[in-house]
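The values are calculated or read from the model by the stated rules, or taken from the named source; none is laboratory data. All values reported here derive from a predicted model rather than from experimental measurement. Positions of Cβ are backbone-derived with ideal geometry, glycine not excepted, and every protein chain shown enters the neighbour counts.
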Amino acid sequence: MSINNYIFLASALFSIGVIGVLTRRNAIIIFMCVELMLNAVNLLLVAFSKMHYLTASVIDHTTKAGTDGQIFVFFIMVVAAAEVSVGLAIIVMMYRNIHSVDVNFLNRLKH
Amino acid sequence: MNLIILSAVWGLIMMYGGVVSKRKSTPKILAIVGISILLITNLLEYYNLFAIHVDVKGMLKFTPFGLVFNSIVLLSMLFYFLLSTEDFDKVGAYPSEYYALIFFVLCGIGLASSFDTLLMLFLGIEIISIPLYILAGSDKKNLKSNEASLKYFLMGSFSTGVMLMGIAFLYGATGTFYIDAMNLGTGHLQPMVAIGIVLLMIALAFKVSAAPFHFWTPDVYDGSPTVFTSFMATIVKVGGFVAFLRLFDNAFGKMQSEWQTLIAIITAATLLIGNVTAVFQQSVKRMLAYSSIAQAGFMMFAIFALNTFAREGLILYSAAYCIATIGIFAILAKMKDYTFEGFNGLAKSHPALAFMNTVFLLSLAGIPLTAGFFSKYYMLIGAVKNGNQIWLVVFAVLMAAVSAYYYFRVIQAMYFREGNAEVAPVSGRFQTILAVATILVIILGIFPSLLTDLLYY
């Protein structure tokens, strides 16, 4: 399959995530949209990694090209996990104080 | 390398120090000792005397620029800790956790000032950001602090997603994460490289709060506990800028003509929005938040110009901006009332504090004989030498004139208004340290080469 299909799929997922972050008002859903963005990047990195491997392996059969893309994906997963743990803690802290996870509520506090 | 390893280790020591010893003074002493050790080892690494060597496979590169920058950050941190340890106790019951998180942020700054692959850039930016989400929300019962923390978290993770997408596209176009191996700038611009550069530019503009991606800044800075606002607005912001400069200098420097106009627009918008909005603020804390956006506009000149003046200017700007802003925030944290009226008559009751505050504010406004003047001068001369978009320099000078208005409002309130400013008791030690910072600001304003010469050791 051509690389363009993967780029298209990843861009679509990423755009859905961006639109979700910008339009939704529920903190948990915004958070899920951010995760969707990160996973679109993971998909794209793996696809590019395979692409670079295939182009390099034509010349050299034992090439290691493309492995760093897949390693990057693991780093993204680790960082995303750290972000989830901090982010959910923040959302729970907010829920304890106002019994809601609606982002609009917070904007009322502006002076 | 020293900074990266030792700050991570010292963060753990701080964390468990709070478990082992229940005495209130232990975390303060540990933090000040830790930052002094980091500063000394970093300076030793600069003179090649003592450096921990780890094989990083070329992922990090330690240049004099990065090491001098680290030293400035650590010196400002030393001032920050000496001035604000008392405020840490007011925020929560377990201050050693906050110190630990701050040391982890310093580890991220060490990565941001020395990365040589996009992987390390990503990790550095994330290690800086994640502890800050917690610090912003550390006042758990305060709704404003909750709001700040949630907003910072959502915006921060959003910009991380954008940055990663940019990195993925660059990887697709070049097949490597190593900045040296990318070899951009030969031939015509590929669409994937263009998308990657624009997305990285947006993400880093988010992190350094440059317009039009600045909208989270005032709420976050206003809502967070003052002592952490001071940290976020200074150390973290210049850390973001050094990553920005390194990336655009080393990786995209050769294709500057392609993206320079975009940076010029971001710079102009940041200067305009930061300065004009700051004029209308009633709270000094919120005014300082907008002023930090305005100062970010001046620091953007380093990325616009990308020459020796820009690099020297960023070093000088980080020192001038960090020390002055930390000093102003330390005084602000002692005030009962954060509005401009709260400063009325401070000169009568506390002449020394008022004088030092004046010097810091003058430095931020860029008045000669203070460090702020030469840092702005270097930035603008860099843009003039670069030669493109001279209108931007004229615009920046105009905006610097606007900024004088709101800085002088505080000075006017302190000296020429009647009133009794309520100030929490200040110790003699606090005033002495502030005086040292003031002298440093004036010395850098007279001999800026003391700092810039260090880059060519």
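Worth a mention:
- Test: B:Asp55 is farther than 23 Å from B:Ala324 by Cα, surrounded by fewer than 24 Cβ atoms within 10 Å (Cβ to Cβ) and away from chain A (no Cβ under 14 Å): yes
Matching residues to (1) modelled with pLDDT of 90 or more; (2) of a type in the set (D, E, K, R); (3) in contact with a Gly (Cβ under 9 Å, 6 or more places away or on another chain):
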{"residue": "B:Ala194", "(1), (2), (3)": "yes, no, no"}
{"residue": "B:Ala211", "(1), (2), (3)": "no, no, yes"}
{"residue": "B:Pro218", "(1), (2), (3)": "yes, no, no"}
{"residue": "B:Thr234", "(1), (2), (3)": "yes, no, no"}
{"residue": "B:Phe248", "(1), (2), (3)": "yes, no, no"}
{"residue": "B:Leu271", "(1), (2), (3)": "yes, no, yes"}
{"residue": "B:Val276", "(1), (2), (3)": "yes, no, no"}
{"residue": "B:Val279", "(1), (2), (3)": "yes, no, no"}
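- Residue tally, condition under 13 Å from B:Phe104 (Cβ atoms) and free of Cβ contacts under 8 Å to residues at least 24 places away in the same chain, over the range B:1-45: 2
- Every listed requirement among (1) more than 15 Å from the chain's Cα centre (by Cα); (2) under 20 Å from B:Ser159 (Cα atoms); (3) among the basic types (Lys, Arg) is met by B:Lys237 save one, (1).
- Of all residues in the range B:437-457, those being within 25 Å of B:Leu346 (Cα to Cα) and without any contact (Cβ under 8 Å) to a residue 12 or more places away in the chain number 1.
- Matching residues, the range B:21-39, being farther than 15 Å from B:Phe88 by Cβ and either in contact with a Leu (Cβ under 7 Å, 6 or more places away or on another chain) or not hydroxyl-bearing (Ser, Thr, Tyr) (or both): B:Lys22, B:Val33, B:Ser36, B:Ile37, B:Leu38, B:Leu39
- Contact map, the range A:19-40: residues that are within 21 Å of A:Tyr95 (Cα to Cα) paired with residues that are aromatic (Phe, Trp, Tyr) and at pLDDT 90 or above, Cβ distance under 8 Å, separation 6+ or inter-chain. Pairs shown: A:Val21/B:Phe158; A:Val34/B:Phe158.
- Filter result for the condition that a residue is exposed (fewer than 14 other Cβ atoms within 10 Å of the Cβ), in a helix (DSSP H, G or I) and not polar (S, T, N, Q), over B:Leu12, B:Leu49: B:Leu12
- For the range B:85-175, the helices (runs of 4 or more DSSP H) that sit wholly inside it and include 3 or more residues that are more than 22 Å from the chain's Cα centre (by Cα) are B:143-174.
- Some residue of the range B:189-210 being more than 10 Å from chain A (Cβ to nearest Cβ) and farther than 23 Å from B:Arg246 by Cβ: yes
- Note on the range A:60-101: residues that are assigned to a loop (DSSP other than H, G, I, E, B) and either facing chain B (nearest Cβ under 10 Å) or surrounded by 15 or more Cβ atoms within 10 Å (Cβ to Cβ) (or both) total 4.
- Matching option when the condition is among the hydroxyl-bearing types (Ser, Thr, Tyr), modelled with pLDDT under 90 and either more than 21 Å from B:Lys61 (Cα to Cα) or touching a Gly at 6+ places or on another chain (Cβ under 6 Å) (or both), among B:Thr186, B:Thr160: B:Thr186
- Some residue of the range B:438-449 being modelled with pLDDT under 90 and outside any helix (DSSP H, G or I): yes
- Residues located in the range B:176-198, provided they are part of a helix (DSSP H, G or I) and among the hydrophobic types (A, V, I, L, M, F, W, C): B:Ile179, B:Ala181, B:Met182, B:Met192, B:Val193, B:Ala194, B:Ile195, B:Ile197, B:Val198
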